[in-house]
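The values are calculated or read from the model by the stated rules, or taken from the named source; none is laboratory data. On a predicted model such as this, the values are computed, not experimentally measured, just so you know. Here the Cβ positions follow ideal geometry from the backbone for every residue, glycine too, while neighbour counts run over all protein chains shown. All accessible areas refer to the heavy atoms of the entire protein, side chains included, with ligands and DNA or RNA removed. Shrake-Rupley method; radii C 1.70, N 1.55, O 1.52, S 1.80 Å.
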Amino acid sequence: MLRSVFTWLLVLATTVLMAACCGSVSCECEDAYADAIGLTFSPTDSASTNLAQGFRSAQLTTVFLVRVPRDTAQRPSADTIAITRPRATVYTQPIVINNAAPFTQTGNRRLDQYTYKLYLAPSRRAAATYTYLITDISLTTDYQADGCCTCYQNTRKQVVTTNNKGVRQQFDLTDPAASNQLVPIVLTRQ
């Protein structure tokens, strides 16, 4: 009987000590962009080398993004969102597609379970003047534990895209420094 009381006290003391240790440590994982895909636009309003490949800032103030589940039995079948930004930030502020942004996360589905279509148009129902497809997203992520902190680490992020001219291209967006920073795709008119 005395032995079981001592065992329970030892377990309780260990639990309290671990909670006190982990409770005083702040975790700064910096994994907000671990799975994120960033899209930036090549400017035409600047001193770029080929002005025909860029975009005017007025074209980029409203960008439409469509998300379609890869599993066609999923509901809703497609979501569309309009991303509106001030003209001053259209080149410096990337469009970020992440698990829970700009669309809300549905269940435990991650962004690699969808295809995305970005298009430029004067309004949602108007004909698109530019389209960009993100069809295949391949993510490999791990959890890394360091004492009391467990963080999310992306080890591989590959994306297959189709530009406005129908040219498919594969990008490796994995952060080379392994610090989960955003590595954006630069969109051009081509």
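Filter region 141-165 for residues that are modelled with pLDDT of 90 or more and either aliphatic (A, V, I, L, M) or open to solvent by 30 Å² or more (accessible area, probe 1.4 Å) (or both) and give the result. Listed by number, the residues that qualify are R156, Q158, V159, V160.
Between Y152, Y132, Y116, which is farther than 28 Å from R189 by Cβ and of a type outside the set (D, E, K, R)? The unique qualifying residue is Y152. Give me the residue from region 1-39 that is over 30 Å from T174 (Cβ atoms) and part of a loop (DSSP other than H, G, I, E, B) and, out of that set, modelled with the highest pLDDT. Residue satisfying both the conditions and the ranking: S24.
The set of residues from region 87-140 being of a type in the set (A, V, I, L, M, F, W, C), surrounded by 14 or more Cβ atoms within 10 Å (Cβ to Cβ) and closer than 21 Å to G54 by Cα comprises V90, I95, V96, L118, L120, A121, A128, L133, I134.
Among the strands (runs of 3 or more DSSP E) confined wholly to region 79-190, which include 3 or more residues that are polar (S, T, N, Q)?
130-146, 149-162
Cβ separations smaller than 6 Å between residues 6+ apart or across chains give the following pairs from region 86-112 residues that are at negative phi to residues that are open to solvent by 40 Å² or more (accessible area, probe 1.4 Å) and among the aliphatic types (A, V, I, L, M): P102/I81.
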